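**Q** Here it is, the structure, as structure tokens.
The values are calculated or read from the model by the stated rules, or taken from the named source; none is laboratory data. Given the structure is predicted, the values throughout are model-derived calculations rather than measurements. Cβ placement follows ideal geometry from the backbone for every residue including glycine, while neighbour counts extend to all protein chains displayed. Keep in mind that these areas ignore ligands, DNA and RNA; they rest on the heavy atoms of the full protein, side chains included. Shrake-Rupley method; radii C 1.70, N 1.55, O 1.52, S 1.80 Å.
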Amino acid sequence: YSDEEVFTFGKVIGRLADEIEVEVRAQLSERLSGVDQAPIDVVRKLAFDDAIAVARPMLENSSQLDDATLIANARSKSQAHMMAISKRSSLGENVTDVLVARGNRAVVNSVAGNAGARFSGSSLLHMVKRAEGDSILAEQLGLRKDIPRNLFQQLIAKASDDVRKRLERERPEMGGEIGSSVVDVA
């Protein structure tokens, strides 16, 4: 479609989206979430909808939502909205910083398990601290290939015996490091 046709479609759908029921908006969001030429105003309106059934498809799938928009959404919307963002195929460091700082346990675990998420050093450090009482998070972080050695050692030092054993099974190449980290801490 031409830019003018997309613009006109966006104006009409944008006005309708203000007046249609949640169920219909959710269907619209689902259909438009995979469309690269969807009108950006409509995409943003659906992504910021208070009803997670409407916002989820856009937050999880729309390639038109940039990091600034995702950050604004994560800062102002619910934990369910952040959970949807955490499931995107790729996440930049600035987005994960907000999700890790503001997200609840489920959101942080989801981000940690997302192979497409990129983390700043401060986010990783924050998650290692949170993992002390959370074996699921400790395991998710331990399985990441991008965790720096020093943070991996801190994680292992605080991890339960069960988590250490699972990590040794899942990452046999790190078995020696896991053992030496435990010895160093002891």
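**Q** Could you work out which residue, out of I20, I71, I40, moves most in a Gaussian network model of the chain, that is, has the largest mean-square fluctuation with Cα springs under 10 Å?
**A** Largest GNM mean-square fluctuation: I20.
**Q** Let a ≥ b ≥ c be the square roots of the eigenvalues of the Cα gyration tensor of the stretch 9-166; is it rounded (a/c under 1.5), or, if not, prolate (a/b larger than b/c) or oblate? Show your work: numbers first, answer last.
**A** Working: a/c = 3.03, a/b = 2.61, b/c = 1.16.
Cα axes put the stretch 9-166 in the prolate bin.
**Q** Using R₀ = 30 Å, calculate the FRET efficiency as 1/(1 + (r/R₀)^6) where r is the Cβ-Cβ separation of S63 and A106; round to 0.05.
**A** Approximately 0.75, to the nearest 0.05.
**Q** Probe of 1.4 angstrom, ligands and nucleic acids ignored: what's the accessible area per residue over the chain, in square angstrom?
**A** Ligands and nucleic acids excluded, the result is 53 Å² per residue.
**Q** Among V100, V108, V22, which one shows the biggest mean-square fluctuation in a GNM of the chain, springs joining Cα atoms closer than 10 Å?
**A** Among V100, V108, V22, the largest GNM mean-square fluctuation belongs to V22.
**Q** What is the gain in length, in nm to one decimal, between E4 and D162 on full extension, counting 0.36 nm per residue of separation less the C-alpha to C-alpha distance?
**A** Length gained between E4 and D162: 50.9 nm.
**Q** Ignoring any ligand, DNA or RNA, what whole percent of the accessible area of the stretch 1-100 comes from carbon and sulfur when the probe is 1.4 angstrom?
**A** 49 percent
**Q** Separate question: Would you calculate a helix-derived [θ] at 222 nm for the chain, using -39,500 (n - 2.57) for each DSSP H run of n ≥ 4 and dividing by the full residue count, to the nearest 500? Can you show the working numbers first?
**A** Numbers: 13 runs with 130 residues, N = 186.
Helices in the chain give a 222 nm mean residue ellipticity of -20500 deg cm²/dmol.
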